[in-house]
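Inspection log for the structure reproduced underneath, given as structure tokens.
The values are calculated or read from the model by the stated rules, or taken from the named source; none is laboratory data. Everything numeric here is computed off the predicted structure, so don't read it as measured data. Cβ atoms come from the backbone with ideal geometry, glycine included; neighbour counts cover every protein chain shown. Accessible surface is based on the protein model in full, side chains and every heavy atom, while ligands, DNA and RNA are left aside. Shrake-Rupley method; radii C 1.70, N 1.55, O 1.52, S 1.80 Å.
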Amino acid sequence: MRIYRLLLYLYPASFRADYGDEMAAIFRIRLRNARGAARIALWFGVLHEVIMNAPAVHWDILKQDLRYTARTLNRAPGFALTAILVTAFGVGANTAAFSVADFVLLRPLPFALPDALVRACEGPRTGAGWGCMNELSPANYRDFKAMSSSFEAMGAFTGSAGNLVGIGEPRRLAITPVTPDVLPLLGVTPALGRVFDTREDDRRAAVISYGLWQSQFGADPSVLGRTVHLDGVPHTIIGVMPRGFYFPTRDAQLWTALTFQNEDYADRTNTYIHAVARLKPGVTFEQARADLEVIAARLARDYPETNAETGISFFRMRENMSPRFRLMLMALGGASLCLLLLTCANLANLLLARAATRERELAVRAALGAARERLMRQLVTESLILTLLGGAAGLFVAAAGVPLFASLVPDTLPIATEPRLDLRVIAFATLFTTLPALGFGLFPAIRAGRRTTFDALREGVRAGGGAKQRLRAVLVTVEVTMSVVLLITSGLLIRAVWRVQAIDPGFRPQNVLALNMALPRPKYDKPVERVQFYDRVLARVRALPGVQSAAFTSGLPMVITGLVTAVEIPGREVPRARRDVVSHRWVTPQYFRTMGIPLHRGRDVEDGDGGDRAWVAVVSASFAERYWPGQDPIGRTFRHLDDTRTVVGVVGDIKVRGLERTSEPQIYLPAAQAPVPFPGAFDPKDLVIRHSGPGNALVSAVRQIVRSIDAEQPIADVRAMDEVIAGETASRRGQLQVLGVFAVVAILLSAVGIYGLLAYTVSQRSQEIGVRLALGADPARVGRMILADGMRLALFGIVPGVLGAYAAARGMSALLFGVAPSDPATFVTAVAVALLTVFAGTLVPAWRAVRLTPMSVLRTE
Amino acid sequence: MKTEAESLLPLPQATFHILVALADEDRHGYAVIKDVAARTGGALKLSPGTLYRSMDRMVQQGLIREISSRPARDMGDERRRYYRITPFGREVAMAESRRLAQMLDLARARGLAPRKV
């Protein structure tokens with residue numbers, strides 16, 4: 001019998017309360033009448049019945065509750081819509097922000113056991129940090145690899161590019177030469193074929209990316225064994241990497257074999273490779289770093305001339321990103337947490353406000369015999385429906401939001417550009433909002449069950465206690481705090497972006513178009529042929545209508561940030577010291593005119609600056625200041641790549657490395673005065689054109705010109721220079737857009753919260769106010785009283801908000817680009833905005849209170 | 001335009017039998033089970049779960065109502081909950097019977113049913 005009673009617990013409590021006794025009584029009779037086998041059959045029947053019926057009864061009740069919910073929400077569409085929207089926004093924004101943060105900061109890289117993957121390159125003597133200060137030389141790499149004991153495998157790679165000819169349109173490709181160790185140590189098996197092998201001669205082999213296989217080879221499964229020409233050199237395709245494989249960055253499309261000859265090991269300053277390695281099991285990152293540092297110290301002792309100032313930069317592969325990106329994402333994460341809290345507070349506030357208006361309804365239902373359990377169940381269903389609808393809508397908000405964050409994914413990591421929505425996060429965020437929804441949704445039911453129902457009925461519209469009002473006041477204060485934090489921090493970031501945008505890049509990017517066309521080697525090995533190509537292209541481009549000037553350069557500012565070498569000044573005995581590093585560019589005449597770089601003294605590179613004349617250079621003002629402070633630099637000489645150059649002109653400095661970074665002084669050398677041999681990386685390859693009309697119209701004309709001069713020459717990366725400048729602040733602006741939206745929504749939500757609370761207070765106190773007015777109180781004073789209530793709440797929220805914002809700003813001061821974390825203008829503005837918005841929220845309730853007349857109050861009673 | 005009674009048709013089997021069982025006298029749950037079993041020759045044995053789930057819904061639909069408890073002779077002296085069919089319940093039962101009769105007529109016209117039961 002007891003077992004049967006237990007089984008009944010599978011039914012809903014209300015059903016059990018209504019029919020449990022009856023069912024137990026029937027069971028007792030049956031049990032009495034059954035004997036032996038019949039008894040066993042009876043038990044089986046009972047089990048079957050309960051298992052079939054109990055869920056059905058639950059379902060019946062759920063259907064009822066859903067119908068009831070639909071009806072009640074339909075009756076209060078404003079409430080329902082607000083609750084759903086608030087939830088959708090909170091959940092959506094959080095899902096988007098955390099999906100991106102998780103994607104960039106936390107998720108393991110798509111390699112086998114990715115935590116053991118590390119990168120190494122040259123750095124300052126005791127360098128840690130992220131990224132490479134400088135590449136490694138093959139000799140130093142060889143020694144690090146041979147002498148270290150911490151790694152299971154180590155390989156080297158470098159960056160390159162080449163023209164792919166023979167399949168479809170000629171195309172410029174990012175090529176990554178890798179030693180045979182690299183791809184196997186990443187632990188990714190190719191989708192087709194194989195990767196490089198030490199036992200085979202793979203010098204003319206290529207492994208292609210999935211993307212290239214799709215786009216250039218039409219996903220042809222018989223691509224293995226095909227021959228392609230890279231800068232005129234035939235390569236055989238031996239493998240295709242799987243989809244989602246990116247190394248070292250997402251631009252890589254093709255890998256070739258990197259091999260070293262004896263002469264490559266000769267010069268320890270010839271740095272152009274990066275090392276990637278896998279830690280031995282059991283070896284920690286710190287142990288491996290110590291191991292490498294010992295080796296670096298030994299190399300510095302053994303080769304003081306080249307390695308005295310060379311240390312090792314050693315970092316996890318996961319961490320190859322600028323700390324700015326990390327900080328930006330953390331700031332976003334913090335902001336979205338703020339918003340989630342705010343959402344919860346707002347939802348709780350809404351539900352509490354609603355509970356107050358429903359207390360009577362619930363009391364009536366309880367008086368009519370509804371069990372407390374049924375009422376609670378009903379309210380839970382209602383809250384769940386609201387949050388689930390909100391969560392579902394949040395999915396759309398998140399899907400719309402994630403692309404906004406794409407600019408916050410650093411391009412230095414081997415991952416895709418666009419993070420995918422993380423469903424776990426959306427589940428978590430929905431759950432997080434469900435909790436307060438449940439808690440505050442149940443509040444009225446608990447009250448309805450606890451107090452004697454007649455109280456609620458008797459109290460009439462004045463239902464609702466002081467405790468609940470206080471709770472709502474606290475919630476509103478929290479909302480104000482959160483929105484003040486968001487307002488101030490986004491205000492500070494706006495100021496920072498303004499500052500960055502106000503930085504003078506040193507050139508005029510407007511109306512400058514840039515097209516990339518790298519000349520392949522060995523086809524263009526002879527300097528004469530290159531110069532001929534430049535001259536022919538430039539002559540015809542300059543003749544195009546709307547073109548004011550045109551020139552070639554070996555690297556656009558902010559696009560090619562490297563290309564640095566050391567110079568020597570005659571009479572100064574610090575050869576190849578790292579502090580003599582300059583950024584060098586090989587240019588044709590008209591470069592400075594085209595880019596809008598001011599010429600301070602002397603002359604530009606001229607058509608006559610060929611191999612037969614004295615070798616010259618134009619230097620930037622900071623270069624002149626560094627070596628010949630206060631003197632006339634024209635006519636001075638310096639040595640660069642074993643050639644002596646005479647300074648013929650001085651131009652303004654430009655921000656080669658980007659707006660927010662310090663750049664080396666620059667030197668500009670005539671393209672026609674190139675030493676032999678000359679690395680392809682130094683070749684002028686970017687055609688820049690200053691134009692008066694629309695730039696797009698020029699592109700096809702230039703393509704035609706280039707095709708008529710060399711049909712196999714591809715044009716890659718067409719861009720406007722002002723877009724390049726805009727790209728400098730893209731990640732900041734992306735972050736700011738998101739933060740800005742957060743802040744605006746936050747302050748609006750708080751205003752709505754304050755409005756709701758005060759409106760309710762006024763309706764609660766209408767009788768008291770009416771009596772006061774009847775006794776001769778001044779209506780203006782009543783209005784002021786309500787306003788004061790609202791502003792007091794605002795102040796309680798603003799003070800911790802200001803403190804919190806200051807703390808947050810201190811934490812992200814690296815993002816503020818010199819704006820003080822306590823920037824008074826921002827703080828004052830943000831607080832003023834918050835106060836004004838809150839004030840707007842209190843106006844209507846205050847007005848309502850002023851308009852109350854004793855008569856109107858009494859009439860409603 | 002359907003009447004309110006017709007909107008409930010067709011009735012679930014259990015619902016119809018409960019209405020029939022309550023047609024002539026007020027009964028408690030167990031008595032309904034026994035009556036249905038007797039009338040169908042034991043073919044339909046309602047389980048208590050099905051019975052009370054149906055009756056719960058029927059009360060809400062206004063087909064039956066609970067009347068004040070009284071002692072049941074066959075269950076010792078415990079006080080049982082008795083149910084009575086409402087006028088609306090009768091209307092719905094009649095409507096269902098009409099529906100079934102019409103179906104039987106249709107089947108009979110095509111020789112799918114015996115002429116006389």
Next item on the list: With the condition kept exactly as written, say whether any residue in the range A:284-304 is at pLDDT below 85, touching a Leu at 6+ places or on another chain (Cβ under 9 Å) and surrounded by fewer than 21 Cβ atoms within 10 Å (Cβ to Cβ).
Entry: no
Next item on the list: Test residue B:20 against the criterion of being closer than 26 Å to residue A:16 by Cα and either more than 14 Å from chain A (Cβ to nearest Cβ) or not in a helix (DSSP H, G or I) (or both), and give yes or no.
Entry: yes
Item checked: Meets criteria (within 12 Å of chain A (Cβ to nearest Cβ) and at pLDDT below 90) for residue B:57 -> yes
Notebook entry, point to check: Does residue A:735 satisfy being assigned to a helix (DSSP H, G or I), open to solvent by 60 Å² or more (accessible area, probe 1.4 Å) and out of contact with any Pro (no Cβ under 9 Å at 6 or more places or on another chain)?
Noted result: no
Note to self: Between a residue in the range A:315-328 that is of a type in the set (Asp, Glu) and any residue that is open to solvent by 40 Å² or more (accessible area, probe 1.4 Å), which pairs come within a Cβ distance under 7 Å, given they are 6 or more apart or on different chains?
What the structure shows: A:319/A:130
Note to self: Based on this model, can you work out whether residue A:645 counts as in contact with a Leu (Cβ under 9 Å, 6 or more places away or on another chain) and either among the basic types (Lys, Arg) or open to solvent by 60 Å² or more (accessible area, probe 1.4 Å) (or both)?
What the structure shows: yes
Next item on the list: Select, from A:174, A:146, the only residue that is open to solvent by 50 Å² or more (accessible area, probe 1.4 Å) and either at pLDDT 90 or above or among the small types (Gly, Ala, Ser) (or both).
Entry: A:146
Item checked: The one condition in (1) farther than 30 Å from residue A:710 by Cα; (2) charged (D, E, K, R); (3) loosely packed, with under 15 Cβ neighbours inside 10 Å that residue A:194 fails to fulfil -> (3)
Notebook entry, point to check: Got a number for residues in the range A:4-42 being within 27 Å of residue A:62 (Cβ to Cβ), open to solvent by 70 Å² or more (accessible area, probe 1.4 Å) and without any contact (Cβ under 8 Å) to a residue 40 or more places away in the chain?
Noted result: 4
Note to self: Given the condition away from chain B (no Cβ under 11 Å), open to solvent by less than 10 Å² (accessible area, probe 1.4 Å) and within 47 Å of the chain's Cα centre (by Cα), answer yes or no: does some residue in the range A:59-69 qualify?
What the structure shows: yes
Item checked: Residues (within 13 Å of chain A (Cβ to nearest Cβ) and either over 12 Å from the mean Cα position of the chain (by Cα) or polar (S, T, N, Q) (or both)) located in the range B:38-54 -> B:45, B:47, B:48, B:49, B:50, B:52, B:53, B:54
Notebook entry, point to check: Restricting attention to the range A:31-43, does a residue exist that is at the interface with another protein chain (Cβ under 8 Å from one of its Cβ atoms) and in contact with a helix residue (DSSP H, G or I) (Cβ under 9 Å, 6 or more places away or on another chain)?
Noted result: no
Next item on the list: Scan the range A:53-66 and report the pairs whose first residue is over 16 Å from residue A:16 (Cβ atoms) and whose second residue is of a type outside the set (Lys, Arg) and open to solvent by 20 Å² or more (accessible area, probe 1.4 Å), with Cβ atoms within less than 9 Å and a gap of 6+ or a chain change.
Entry: A:64/B:60; A:65/A:380; A:65/A:385; A:66/A:385
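Here is a yes/no grid of residues against (1) under 20 Å from residue A:842 (Cβ atoms); (2) touching a residue at least 60 places away in the same chain (Cβ under 8 Å); (3) open to solvent by 30 Å² or more (accessible area, probe 1.4 Å):
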{"residue": "A:704", "(1), (2), (3)": "no, no, yes"}
{"residue": "A:721", "(1), (2), (3)": "no, yes, no"}
{"residue": "A:742", "(1), (2), (3)": "no, yes, no"}
{"residue": "A:745", "(1), (2), (3)": "yes, yes, yes"}
{"residue": "A:750", "(1), (2), (3)": "yes, yes, no"}
{"residue": "A:753", "(1), (2), (3)": "yes, yes, no"}
{"residue": "A:764", "(1), (2), (3)": "yes, yes, yes"}
{"residue": "A:772", "(1), (2), (3)": "yes, no, yes"}
Next item on the list: Could you tell me which numbered condition residue A:498 fails, if it satisfies all but one of (1) touching a residue at least 40 places away in the same chain (Cβ under 8 Å); (2) more than 30 Å from residue A:693 (Cβ to Cβ); (3) part of a helix (DSSP H, G or I); (4) not acidic (Asp, Glu)?
Entry: (1)
Next item on the list: Note down all Cβ pairs under 7 Å where the first residue falls in the range A:71-91 and is closer than 9 Å to residue A:390 by Cα and open to solvent by 20 Å² or more (accessible area, probe 1.4 Å), the second is of a type in the set (A, V, I, L, M) and at pLDDT 80 or above, and they're at least six residues apart or on different chains.
Entry: A:84/A:386; A:84/A:389; A:84/A:393; A:89/A:397
